[in-house]
Each structure stands twice: as C-alpha cells, then as structure tokens.
Amino acid sequence: MVQATVFLLVLSLALGAHSLSVEKCNLIGHWVNDLGSNMTILAVDEKGNFAGLYNTSVADHPNEIQQSSLVGSLHLTNPIDQPTFGFTVNWTFSDSITVFTGQCFVDKDGKETLRTMWLLRLHVDDLENDWKATR
Ligand SMILES: *[C@@H]1O[C@H](CO)[C@@H](O)[C@H](O)[C@H]1NC(C)=O
Ligand SMILES: *[C@@H]1O[C@H](CO)[C@@H](O)[C@H](O)[C@H]1NC(C)=O
Ligand SMILES: *[C@@H]1O[C@H](CO)[C@@H](O)[C@H](O)[C@H]1NC(C)=O
C-alpha cells in the first residue's frame, strides 16, 4: 500500500555557493511531517542531486530508532517551479529501505509544503515471504 505524508518547512539552512538557488520551493532545510518525523536536506547540486538525514518518529522497534541517511534527485525545470523529487532512505537501524516520491508546493503566502508518498521494503528470508515485504 502506498502511504502519503506531508512535510512542512521549519527552517531553511543558509548554505554557501555550492547550493542551488531555487526561487520556488527550495528543498534545503529542516522539514517535519504529519507524524513528527523530521529530515534535513543538506545540499542540492546543480544537477538536482541531493543528500540529507532522516529521523523517523515511527518504527516497528521504536527504541532502536537512529538517524539515517538519504539521497535523492530533484527534477530541475527551467524556470524551477514547484519541482518533483524522489529520495531513498537507507535505514541504519533496520534491514529495510524506504523510497519517497513527491512534489514541493508553494501556497499564495509563500509557505512551502512537500506532498509525498512512500513505500517501505523490509528484508524477508526467502521468496515465499515476498508478499509481505512491501508496505
Ligand atoms: C535527529 O534527531 C536528533 C536527536 O533529536 C538530532 O540531534 C538531529 O539533529 C536530528 N536530525 C535531523 C536530520 O533533523
Ligand atoms: C526529530 O525527530 C526525532 C525522532 O522522532 C526527535 O527525537 C527529535 O527531537 C526531532 N528533532 C527536531 C529538531 O525536530
Ligand atoms: C546503508 O545502511 C547500512 C546499514 O546501516 C550501512 O552499512 C551502509 O553503509 C549504508 N549505505 C549507504 C550508502 O549509506
């Protein structure tokens, strides 16, 4: 099942000359979603590749939660306007991977929101258990 989540920008990080200046919807910054998970997008390069860190607030084993790294791709258009993007989180505390796909929206007050959907792939021991591995 595909799950939806919404991220709101908490603060934008001031970064140096290497970061991409995006007029509408800058992914760089600290984002918090509707479940209380948060992520920091550290930098977006000139090709739209980006990296960051993800803190989930929900997991099967919440006592084991640790910050995990993410890498993604922002679809650059000219001009950049409410771009689409995708990223993969490599969980450090669990044998699983989550992929997100989404779009950055700007409302009329200039507030930025990320609308995303995600899929989680869990490790299973054999092909017979494949049916329950994705959620
Ligand atoms: C993740 O949470 C830890 C502990 O609260 C915090 O130190 C860290 O900055 C957070 N990372 C991100 C990417 O927000
Ligand atoms: C980020 O999320 C982690 C895990 O839920 C939480 O411990 C931490 O306080 C949050 N940090 C911020 C800055 O939102
Ligand atoms: C992904 O996570 C695993 C487990 O923490 C780690 O061994 C591996 O180096 C990570 N890979 C990347 C590309 O971050």
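Scan Arg121, Arg135 and give me the residue that is touching a Leu at 6+ places or on another chain (Cβ under 6 Å), basic (Lys, Arg) and surrounded by 13 or more Cβ atoms within 10 Å (Cβ to Cβ).
One residue alone meets the criteria, Arg135.
Do any strands (runs of 3 or more DSSP E) entirely within the range 20-135 hold 2 or more residues that are in contact with a helix residue (DSSP H, G or I) (Cβ under 6 Å, 6 or more places away or on another chain), and if so, which? Step through it out loud before you land on a result.
Working: elements: 29-33, 38-44, 49-55, 68-74, 84-90, 96-106, 112-122.
So the answer is none; nothing clears 2.
State yes or no: is Ser37 within 13 Å of ligand 2 (Cβ to nearest atom) and crowded, with 16+ Cβ neighbours inside 10 Å?
Values: within 13 Å of ligand 2 (Cβ to nearest atom): yes; crowded, with 16+ Cβ neighbours inside 10 Å: yes.
So Ser37 fits the description; yes.
Going by the structure shown, is Thr92 more than 9 Å from ligand 2 (Cβ to nearest atom) and in contact with a Ser or Thr (Cβ under 6 Å, 6 or more places away or on another chain)? Even if it seems obvious, please write down each step before you answer.
On the way: more than 9 Å from ligand 2 (Cβ to nearest atom): yes; in contact with a Ser or Thr (Cβ under 6 Å, 6 or more places away or on another chain): yes.
The answer is yes for Thr92.
Need pairs with beta-carbon distance below 6 Å; first residue on the phi > 0 side of the Ramachandran plot and within the range 29-55, second open to solvent by 50 Å² or more (accessible area, probe 1.4 Å) and modelled with pLDDT of 95 or more; sequence gap 6+ or separate chains.
Here the result reads Gly48/Ser73, each pair linking the range 29-55 to a residue that is open to solvent by 50 Å² or more (accessible area, probe 1.4 Å) and modelled with pLDDT of 95 or more.
If I filter the range 41-62 down to residues being within 16 Å of Gln103 (Cα to Cα) and open to solvent by less than 50 Å² (accessible area, probe 1.4 Å), which single residue comes out as farthest from ligand 2 (Cβ to nearest atom)?
Only one residue tops the list, namely Gly48.
The values are calculated or read from the model by the stated rules, or taken from the named source; none is laboratory data. These numbers come from a predicted model, not from an experiment. Glycine also receives a Cβ, built like all others from the backbone with ideal geometry; neighbour counts cover every protein chain displayed. In case anyone asks, the SASA skips ligands and DNA or RNA and just uses the protein heavy atoms, side chains included. Shrake-Rupley method; radii C 1.70, N 1.55, O 1.52, S 1.80 Å.
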